[in-house]
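The values are calculated or read from the model by the stated rules, or taken from the named source; none is laboratory data. Nothing here was measured: the structure is a model prediction, and the numbers come from that model. Here the Cβ positions follow ideal geometry from the backbone for every residue, glycine too, while neighbour counts run over all protein chains shown. Only protein heavy atoms, including side chains, enter the accessible area calculation; ligands, DNA and RNA are left aside. Shrake-Rupley method; radii C 1.70, N 1.55, O 1.52, S 1.80 Å.
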Amino acid sequence: MDELEKSFETKELTINLGPQHPATHGVLRLVLHLNGETIVKCTPHVGYLHRGVEKLGENRTYFAALPLTDRLDYISSMNNNVGYVNAVEKLFGIEAPDRAKYIRTMVAEMGRISSHIVWLGTHVLDIGATTPFLLSMAQRERILDLFEMVCGARLTVSYPRVGGVRNDISQEFLDKLYEFVLEFPSHMDTFETLVTENRIWMERTVDIGIISAEEAVNWGLTGGTLRGSGVDYDVRKYFPYDAYDKVEFDVPVGKKGDCYDRYLVRIGEMRQANRIIKQCIENLPAGPIMADVPKFTLPPKDLVLKDMEHLIHQFILITKGPTVPEGELYVGTEVPKGELGFYFVSDGTGKPYRMRVRSPSFIHASVLPRLSEGGLIADVIANIGTIDIVLGECDR
Amino acid sequence: MEPLQIADKLKERFPEEVLDVREFRGQVSVTVRKGRILEICRFLHDDPDLYLDYLVDLCGVDYLGKKENRFEVVYHLYSIRHRHALRLKAEVPERDVRIDSVVPVWVGVNWHERECYDMFGIVFAGHPDPRRVLLPEDWEGYPLRKDYPMKGPDKEWSGFEDVLERSKKYRQYDWYQ
């Protein structure tokens, strides 16, 4: 009898999830200690994509570090660019013209939709539904095509510039975007019909990974992950940048702080982003797209190719960098994942003395053990999806 | 509350600890001694008028040859209820790179402190999980220090050398027969 008991004895099992695993959304590695199917301990390992963006940024001028930010959160590079140029502009003490601000708000919200739509597709795919993934990728493709129209690149855009945007947008682009904006709510309805009240979906997400409002703030969560717990902290409302103080939008918040609430919040955010784009197109002011502050902004390219003064001006700004006032500054912006902050320490030269990237995914990855421990192994997959991390941004 | 008022209040409560208050583009930074940092943070977090409940960011800065104390640990604090912010900076000299961990006050600072140790070699006393976070455990040196070369060390990382060794060993097998 003893022998029989012994052969059925349970013991703790250690398994390794990732770094090469389709449900970890990149190269996240989790070491899970299991008791049956319950998770006793979860240890995330990150750093597989560490490229030293902060060190690289310290060795480049403020203009030259812009393309590095594309590679942080590669799903929504437009938002990273907007965050970076906003921080640098505030450090320089310059302001972009109104038209550039509206354009930046518009493309940032397009980036938000394209990022959330990838989140929706992959999150739902992880849990077992294939159809919404295929539909959402079709919509993302349309946004990427629009990005290509405006700046020639689909993923690593580098479209905003310090002091404005790289080039003006065409009427053709605006028409196409408006067409997309009018259609998009009906596509959202399709997604919601497929997912929101789906019984399997609700079984897998309701009451999974609950985190209370107070605890979420203490953990430093931001973006949709925080708002799912019922805190209305949104950088766009709290510290309006670009044209966010001139457009109307609501900030959706959840109640309970489980996976389902976070899902509803992000769905709501997509509809609000659509609303913001619509207002930006309707109220787009005319005027210049670059601030005219010769000490800090690059001259227009066509003049550089024509006359000597502008060529020298461009040469000095690119090689030496502008003369920046000494000081330090932190500026946060709302990217699809949460609050992306840039902290600069300037020592008066053209390069930042210290460039710090506060990335939301880094914090969200660290909260995984808190959400997963005590739950089932299947819920880990739901939790990874719901915190919406991108490892390029987490590891920097 | 205005950020300068917060700085005054902090000065009133810890007159010995506050070294400097500076303002740049509307943002106020308060430099403090590192000795009672946990106490200061607990005060900023718990005081009902301040209630800085959200730690936005923690990072290190290396002022090699620029300041007397080489390192600084920078805390960005924000209060979601009162909507005010403060930047706290603690000076850490090179001869004693230890500072108290503030994990007991804000749990989410855990990985930030690990990263700060990883990149600058600043040791956080009382940290629950003091390992490197982004780099491998046996990495030599602290990459964000100013005296660390931009292109990295001359020697390859031991783990990568191991991979190269193994690739040599496996070269004897023909995979495509």
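If a residue counts only when it is in contact with a Gly (Cβ under 7 Å, 6 or more places away or on another chain) and within 30 Å of residue B:54 (Cβ to Cβ), which helices (runs of 4 or more DSSP H) contained entirely in the stretch A:146-236 have at least 3 such residues?
A:213-219, A:223-227
Looking at the stretch A:298-318, can you tell me whether even one residue there is more than 14 Å from chain B (Cβ to nearest Cβ) and in a strand (DSSP E or B)?
There is no residue in the stretch A:298-318 that is more than 14 Å from chain B (Cβ to nearest Cβ) and in a strand (DSSP E or B).
Please go through (1) touching a strand residue (DSSP E or B) at 6+ places or on another chain (Cβ under 8 Å); (2) open to solvent by 100 Å² or more (accessible area, probe 1.4 Å) for residue A:31 and return the number of the only condition it doesn't satisfy.
Going through (1) touching a strand residue (DSSP E or B) at 6+ places or on another chain (Cβ under 8 Å); (2) open to solvent by 100 Å² or more (accessible area, probe 1.4 Å) one by one, residue A:31 breaks only (2).
I need the full set of residues from the stretch A:381-396 which are touching a Phe, Trp or Tyr at 6+ places or on another chain (Cβ under 6 Å) and either free of Cβ contacts under 8 Å to residues at least 40 places away in the same chain or crowded, with 24+ Cβ neighbours inside 10 Å (or both), in order please.
Listed by number, the residues that qualify are A:388, A:394.
If I filter the stretch B:119-140 for residues that are among the hydrophobic types (A, V, I, L, M, F, W, C) and assigned to a helix (DSSP H, G or I), do I get at least one hit?
yes
Quickly run through the stretch B:5-40 and pick out the residues that are open to solvent by 80 Å² or more (accessible area, probe 1.4 Å) and over 22 Å from the mean Cα position of the chain (by Cα).
B:5, B:8, B:11, B:12, B:13, B:15, B:16, B:25
Working carefully through the options B:95, B:22, find the one that is assigned to a strand (DSSP E or B) and without any contact (Cβ under 8 Å) to a residue 40 or more places away in the chain.
B:22
Let me spell it out: the conditions are (1) within 14 Å of chain B (Cβ to nearest Cβ); (2) within 17 Å of residue A:76 (Cβ to Cβ); (3) modelled with pLDDT under 90, and residue A:388 meets all of them except one. Which number is the exception?
(1)
Name the residue, out of A:283, A:274, that is more than 14 Å from chain B (Cβ to nearest Cβ), of a type in the set (S, T, N, Q) and surrounded by 18 or more Cβ atoms within 10 Å (Cβ to Cβ).
A:274
Considering each of B:121, B:126 in turn, give the residue that is open to solvent by 50 Å² or more (accessible area, probe 1.4 Å), under 25 Å from residue B:38 (Cα atoms), more than 11 Å from chain A (Cβ to nearest Cβ) and modelled with pLDDT of 85 or more.
B:126
Check every one of the helices (runs of 4 or more DSSP H) wholly within the stretch A:37-142 and list those with 2 or more residues that are touching a strand residue (DSSP E or B) at 6+ places or on another chain (Cβ under 6 Å) and over 30 Å from residue A:191 (Cα atoms).
Answer list for the stretch A:37-142: A:53-58, A:77-92.
Looking at residue A:229 and the list (1) within 30 Å of residue A:368 (Cα to Cα); (2) open to solvent by less than 30 Å² (accessible area, probe 1.4 Å); (3) modelled with pLDDT of 90 or more, which single condition is not satisfied?
Result: residue A:229 fails condition (3) only.
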